[in-house]
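Bear in mind these aren't lab numbers, they're just calculated from the coordinates by the rules spelled out. Predicted, not measured: the structure shown is a model, and the values here were computed from it. FYI the Cβ positions are ideal-geometry reconstructions off the backbone, even for glycines, and counts take in every protein chain you see.
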Amino acid sequence: MTKEFPEIYLCKRIVQAKLFIDNHFSEDIDLNNIADEAYFSKFHFIRLFKTIYAKTPHQYLIKVRIENAKALLEKNIPVNEVCNTVGFGSVSSFAELFKRITKLSPSKYQQQFKERQEQIKTVPLQFIPNCFAEQKGWIQKSNFQ
Amino acid sequence: MITRLNHVSIFVLNQDSSYEFYVNKLGFKVHTDAPMGPGKRWLTVCPPEQPDLEITLMAIEDGIMFKNGAAEQMRELVKKGTFGFAVFECYDLNTTYEEMKAKGIEFKKPPTKEFYGYEALFVDDSGNWFSLGQKK
């Protein structure tokens with residue numbers, strides 16, 4: 001990435017906009033309003049945001065929603081509830097977008113996560129390099145294997 | 001021929017507190033969080049865009065690794081800020097610095113142009129320090 005470093009006051013405004021997305025991702029965010037609040041033209045705001053975060057504000061919002069959706073799915077929350085909680089209007093568009101980004105449907109993601117957690121619980125040593133397990137004195141405990 | 005690094009360890013004073021720092025403040029992802037018996041835990045996290053590099057948040061405990069009071073010595077060294085374990089990277093250092101400061105993360109050095117690049121130094125919840133640079 002080659003560019004001039006943004007001035008510190010520009011940085012602060014962009015950070016505020018990013019943190020606004022982080023904290024309000026589940027709401028019906030109008031990115032025009034964020035640009036206004038940051039005192040930028042929409043074009044300037046998008047360009048600067050992308051320079052800093054390598055994503056447009058819209059792409060970043062989608063990323064935050066999907067990451068939060070993953071976290072909720074990992075807590076075994078039903079897919080339709082997750083969809084509403086993270087700010088998507090319809091389950092089908094949420095599922096389609098989720099699959100496009102993660103390569104798994106939300107329900108498959110949830111199932112795989114659950115299976116992995118079960119494995120971690122029952123055979124944790126499969127997830128720990130042996131050298132560390134040995135140093136911790138865990139390999140002697142056969143119930144971990 | 002060695003091809004990749006997949007695990008690296010950071011010694012921490014308290015894994016619960018480190019979870020809060022690395023996951024909730026730095027935004028790292030939990031890779032594996034396995035309970036290993038009473039009071040024991042295997043906890044690894046990954047930088048958001050490096051899902052196959054596991055950073056082990058290693059509790060400093062008496063045992064095979066730390067014998068004869070070595071754990072206490074190690075805890076003291078970590079608290080004193082003896083160890084600088086890694087260099088992290090971000091897209092834009094000024095912005096990342098502002099964001100991390102807003103989250104209450106302590107910096108030993110603000111973004112500074114050095115002869116080798118643009119760098120800041122931050123400290124984790126245990127006392128370990130890290131360099132933070134940006135992609136060129």
- Task: Can you tell me the dipole magnitude for chain A around its Cα centre, using point charges on the Cβ only (Lys, Arg +1; Asp, Glu -1), in Debye to the nearest 20?
- Result: 480 debye
- Message: Would any residue of the stretch B:105-131 have its amide N under 20 Å from a label point 7 Å out along Cα→Cβ of B:F85? List them or say none.
- Response: B:105-109, B:120-131
- Amide H neighbours of B:Q134 under 5 Å, counting only residues 5+ apart in sequence or on other chains, H built in-plane at 1.01 Å? B:C90, B:Y118
- Item | Two-site FRET efficiency, B:L77 against B:D16, from Cβ-Cβ distance with R₀ of 25 Å, rounded to 0.05 | 0.75
- Rounded to the nearest 0.05, what FRET efficiency is calculated for A:N33 and A:K121 with R0 set to 45 Å and r the Cβ-Cβ distance? 0.50
- Item | Amide H contacts under 5 Å for B:E54, placed H, 5+ residues apart | B:H7, B:V8
- Task: Find the relative contact order for the stretch A:15-102 and round it to a whole percent, using C-alpha pairs within less than 8 Å whose residues are 6+ positions apart.
- Result: 27 percent
- Peptide B:36-47, shielding by other chains (average Cβ, 10 Å cutoff): 3
- Query: According to a simple spin-label model (label point 7 Å from Cα along Cα-to-Cβ), what is the distance in nm between A:A54 and B:N24?
  - Reply: 2.7 nm
- Message: I'd like the Karplus ³J(HN,Hα) series for the stretch B:96-106: coefficients 6.51, -1.76, 1.60, θ = phi - 60°, whole numbers in Hz, and an x wherever there's a Gly or Pro.
- Response: 5, 4, 4, 5, 5, 5, 4, 8, x, 7, 7
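Once you average over the residues of A:126-134, how many Cβ atoms of partner chains fall within 10 Å of each Cβ?
Mean partner shielding for this stretch: 4.
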- Message: Using square roots of five times the C-alpha gyration tensor eigenvalues, list the equivalent-ellipsoid semi-axes of chain B in whole Å, biggest first.
- Response: 26, 17, 15
- If you stretched the chain out fully between A:K75 and A:S26, how much longer would it get, using 0.36 nm times the residue separation minus the C-alpha to C-alpha distance? 15.9 nm
- Query: Percent relative contact order of chain B, based on C-alpha pairs within less than 8 angstrom and at least six residues apart?
  - Reply: 22 percent
- Item | Segment A:C131-A:K63, length gained on full extension (0.36 nm per residue, minus Cα span) | 20.9 nm
- Item | Cβ crowding within 10 Å averaged over residues, with A:83-96, A:9-22 ranked highest first | A:9-22, A:83-96
- Could you order peptides B:48-57, A:114-123, A:64-73 by the average number of other Cβ atoms within 10 Å of their residues, highest first? A:64-73, B:48-57, A:114-123
- Two decimals is fine: what is log10 I(q)/I(0) at q = 0.17 Å⁻¹ for the protein assembly as shown, from a Debye sum with one equal scatterer on every Cα and no solvent? -1.43
- Note on the structure: For the pair A:E96 and B:Y118, the simple spin-label estimate (label points 7 Å beyond Cα toward Cβ) gives in nm 3.9 nm
- Sort the following peptides by mean Cβ neighbour count (other Cβ atoms within 10 Å, averaged over residues), highest first: B:82-92, B:100-110. B:82-92, B:100-110
- Item | Partner chain coverage, peptide A:14-23 - average Cβ within 10 angstrom | 3
